[in-house]
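We did not get these values from a lab; they are worked out from the coordinates using the rules stated. No experiment lies behind these values; they were computed from the predicted model shown. So basically every Cβ, Gly included, is an ideal-geometry build from the backbone, and we count neighbours across all protein chains shown.
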Amino acid sequence: MTDIPLILDVALGVTIPARHARGRAVRIGPAIDAILANHAYPPVIESLLAEALALTALLGSLLKDGGGQMTLQAQTENGIVDLLVCDYLNGELRGYVRHDAERLAEAGPNPSLFALFGKGYLAITFDQAATKERYQGIVPLEGDSLALAAQSYFTQSEQIPSIVRLAAAKGETGWTAGGIIFQHLPEGEEGRERIHTKLDHPEWGHVAVLAGSVKVAELLDRDLPLDELAWRLFHEEEEVRILPAVALAKGCRCDRAYVRSVIARFPVEEQAAMVGDDGFIRVDCAFCATDFPIALDEIDRPQSS
Ligand SMILES: [Zn+2]
């Protein structure tokens, strides 16, 4: 068994075999603070990204394939937020939000998801490392919350009855975000296309009610280990199986060599025009806000023959 503490920066798998239900629970603290630290987002955007990172950890930890990547992207035209991107690889999380600060200020302290995105889309992409297969589903960004949007993603795009709950709050010690997802995968159906989905299947209805009873305070309680949370929700069940936990951390995969290769694709005259007063081309990683000052003589030149 694992010795990862089941309190913070962790994703835990849970199954309820008799109900053909699988789930994940996550709680993230320091990793979110680390991701937010370089961005200086307003509180509304920090809260949105904290919830999105919890959702990303839930979905990413569903990947059976350890090296697989999950990317969550919410996008819209003319929204206060026009782009939110998060991804997950091997327990490493990263994410950023592009937003219009002026319009956000006008929207008040607690805008709805619709107020932030308008008519937007939610795209979820799973890249399996072993098979090199990519699966992407896109649904309208609907509902009052990211959790409801994710739920409708699974029912519409994947026909998997799912319940998702997310919460995020900033306390004295920093941000905490928590979430759970539970899904109904009747025997033999996992991985196969479904002909028919019964959202009112009795064994699923029961799980949905119990999982849906989770409280925001429980999702965010830094004194409540995730296995105890699962047990609290499903203590009436004859068996609740706890799977190995996955530690979560901030991680970014940007590097100088990649930044140089991107700049190298521009025509030489354009590269010269990008050089700032300090003599460097300045490139920021959108995810982690790391600044890469690149000098022109670092850029590979096409070989002249
Ligand atoms: Zn980066």
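How far apart, in nanometres, would the label points at Glu172 and Glu238 be if each is projected 7 angstrom from Cα along the Cα-to-Cβ direction?
Those two pseudo-labels are separated by 4.7 nm.
Net charge around Ala50, counting only other residues with Cβ within less than 12 Å of its Cβ (Lys, Arg = +1; Asp, Glu = -1)?
Details: positive: Arg27, Lys170; negative: Asp33, Glu46, Glu51.
Net charge in that neighbourhood comes out at -1.
Where does the chain land at 222 nm, in deg cm²/dmol rounded to the nearest 500, when only DSSP H runs of n ≥ 4 count, each adding -39500 (n - 2.57), divided by all residues? Kindly include the intermediate steps, with their values, before the conclusion.
Numbers: 10 runs with 90 residues, N = 305.
Rounded to the nearest 500, the figure is -8500 deg cm²/dmol.
Mind checking which of Ile80, Thr155, Phe287 is farthest towards the positive end of the chain's charge dipole, using Cβ charges of +1 (Lys, Arg) and -1 (Asp, Glu) about the Cα centre?
Value: Thr155.
Charges only on Cβ, +1 for Lys and Arg, -1 for Asp and Glu: so what's the dipole of the chain about the Cα centre, in debye to the nearest 20?
380 debye
Once the dipole of segment 58-149 is set up with Lys and Arg at +1 and Asp and Glu at -1 on Cβ about the Cα centre, which of Leu63, Ala130, Asn110 lies farthest towards its positive end?
Positive-most Cα among the choices belongs to Ala130.
Any chance you could list P(r) for the chain, counting all Cα-Cα pairs in 20 angstrom bins from zero, rounded to whole %?
Calculated over all Cα pairs of the chain, the distribution is 31, 54, 14, 1 percent.
Using a Gaussian network model of the chain whose springs link C-alpha atoms within less than 10 Å, name the residue from Ala273, Ala31, Ala74 with the highest mean-square fluctuation.
Result for the chain, Cα springs under 10 Å: Ala273 fluctuates most.
Among Leu89, Ile32, Tyr121, whose Cα sits farthest toward the positive end of the charge dipole of segment 22-131 (+1 at Cβ of Lys/Arg, -1 at Cβ of Asp/Glu, about the Cα centre)?
Leu89
Any chance you could check the Cα centroid distance between segment 1-77 and segment 214-228 for me, in angstrom?
Distance between centres, Cα-based: 14 Å.
What helices in the chain pass both tests, a Cα length along the helix axis of 20 Å or more and a mean Kyte hydropathy of 0.0 or higher, using whole DSSP H runs? Display every interim value, and only then the final one.
Details: long enough: 43-60 (25 Å, 1.57).
Membrane-span-like by this rule: 43-60.
Given the options Gln151, Gln183, Gln271, state which has the largest fluctuation in a GNM of the chain using a 10 Å cut-off (strictly under) for Cα springs.
Between Gln151, Gln183, Gln271, it is Gln271 that shows the largest mean-square fluctuation.
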